[in-house]
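Shown next, in structure tokens, is the structure this report addresses.
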Amino acid sequence: MLNKDIRKHFPILQQEINGHPLVYLDSAATSQKPQQVIDAMSNYYEKDNSNVHRGVHTLGNQATEAYEGARDKVRDFINAKSREEIIFTRGTTTSLNIVAQSYGRANVGEGDEIVITHMEHHSNIIPWQQLAKEKGAVLKFIDLEEDGTITLDKVRETVTERTKIVSIMHVSNVLGTVNPIKEITEIAHANGAIMVVDGAQAAPHMKVDVQQLDCDFYAFSGHKMVGPTGIGVLYGKKELLNKMEPVEFGGEMIDFVGLYESTWKELPWKFEGGTPIIAGAVGLGAAIDYLEEIGLDNVEKHEQHLAEYAMKKMSEVEGVTIYGPLEPEKRASLITFNLNDVHPHDLATVLDMHGIAVRAGHHCCQPLMKWLDVSATARASFYIYNTEEDVDRLVDGLRIAKEYFNDVN
């Protein structure tokens, strides 16, 4: 378990909600930010605020150094070969859309296949739906097992020589399932397809090595990894990015502009049109520093312990249904559940009355809700600042909610 003093780094956690100390269990939606990240962004605005790349004055140079320094931190964080393979975006959604609109439009044709799964977040479904409609391609889904996992046999059955793109989330934001990305990538490549990974729920919680995974694209967001909102990353293999056309045009991404023709900057800047997300990149760099000081291995061990502890404790509450694999080694640090016939929104409201923040709804995974045969679920997601005491508070809250709704009914 990580030191409980970590909580002191997060100012927002030092408050009461509805008269109770805050228990924040919604980090899969967005994580809280440590003082170190807040200070880094404030320092940029107070001392270095300027546009990047174009200026030759001192503030411009300092801002450029901070922005590009953050890119180097991201490269090291995911072990990319080159800083040119790191594109700053607004988040995972934007990153996946860039791949669909640039690589997809150029390489997918009528009758070609795009393969995803039923567990995908809407951000990893809709771009491929739109591309398939535009190109007359076939969108295929890898069937899930009863416990919400996928087998490599099912992957082999679904991916064919007509498949051009396989796009799968590394970790499910509902089921907690950790997918075998390296092995799926091997299957995709054996069939001549590229591998795209939605890493939004993985990068904050485990060591990601894009070279070891051998994926072609990897997308993640800063705000889920103690960084700011509005900043994300698209990693792409250099040889693929070099062949791709930008999808956003304007300042910053150009080399030469004439009246009728223009040329683009080299990587990575050709994909970063307009004034970039400078403060967001600075904050993301500080977030990476913070997580690496703790150690991603330590983060993962802490969360695995909490998930296992929570699974055990929540299973003891009669009427709780937990979705996804039950084996702790197969899942990440979130638990999606329902309580008897209580609507998740009502449950979340009762928990909030006791200072416990959980997520309720379809979690941007409506096809998965249909597969689970539910309209919505509640979700408790854990991170570095959570403790066993937080889990105990959640379980106590579930019992209180159960008694309340039994009395009402």
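Nothing in this text is a laboratory measurement; each read-out follows from the coordinates by a stated rule. Just so it is clear, the structure is predicted and the values come from calculations on it, not from any experiment. Using ideal geometry, Cβ is built from the backbone for each residue, glycine included, and neighbour counts are taken over all protein chains shown.
Overview of values
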| quantity | calculated |
| --- | --- |
| For the chain, share of DSSP beta bridges that run antiparallel, in % to the nearest 5 | 60 |
| Mean Kyte hydropathy of -0.5 or more with a Cα span along the axis of at least 20 Å, helices from DSSP in the chain | 278-294 |
| Between the range 186-213 and the range 364-409, the Cα center-to-center distance that results, in Å | 30 |
| Prolate/oblate/rounded call for the range 5-88, Cα gyration tensor, a/c under 1.5 rounded | oblate |
| Set Lys133/Lys207; Lys47/Lys224; Lys135/Lys237 screened for pairs whose C-alpha atoms are more than 28 Å apart | Lys133/Lys207 |
| Sites Leu139 and Thr349 - FRET efficiency at Förster radius 35 Å, r taken between beta-carbons, to 0.05 | 0.45 |
| Positive-end residue of Thr377, Gly60, His20, charge dipole of the chain with Cβ unit charges | Gly60 |
| Distance between the range 293-307 and the range 1-49 - C-alpha centres, whole angstrom | 18 |
| Loop-located GluC sites (Glu not before Pro) in the range 315-395 whose Cβ has at most 12 other Cβ within 10 Å (DSSP) | Glu316, Glu318 |
| Per-residue ³J(HN,Hα) for the range 241-251, Karplus 6.51 cos²θ - 1.76 cosθ + 1.60, θ = phi - 60°, Hz, x for Gly and Pro | 4, 4, 7, 8, 8, x, 10, 10, 10, x, x |
| In Hz, Karplus ³J(HN,Hα) per residue of the range 323-328 (6.51, -1.76, 1.60; θ = phi - 60°; x = Gly, Pro) | 9, x, x, 8, 6, x |
| Contour minus Cα-Cα distance for Lys301 and Ser262 (0.36 nm per residue) | 9.0 nm |
| Loop sites in the range 222-314: GluC sites (Glu not before Pro), DSSP, at most 13 other Cβ within 10 Å | Glu261, Glu266 |
| Selection of trypsin sites (Lys or Arg not before Pro), the range 54-127, meeting DSSP coil and at most 12 other Cβ within 10 Å | Arg54, Lys81 |
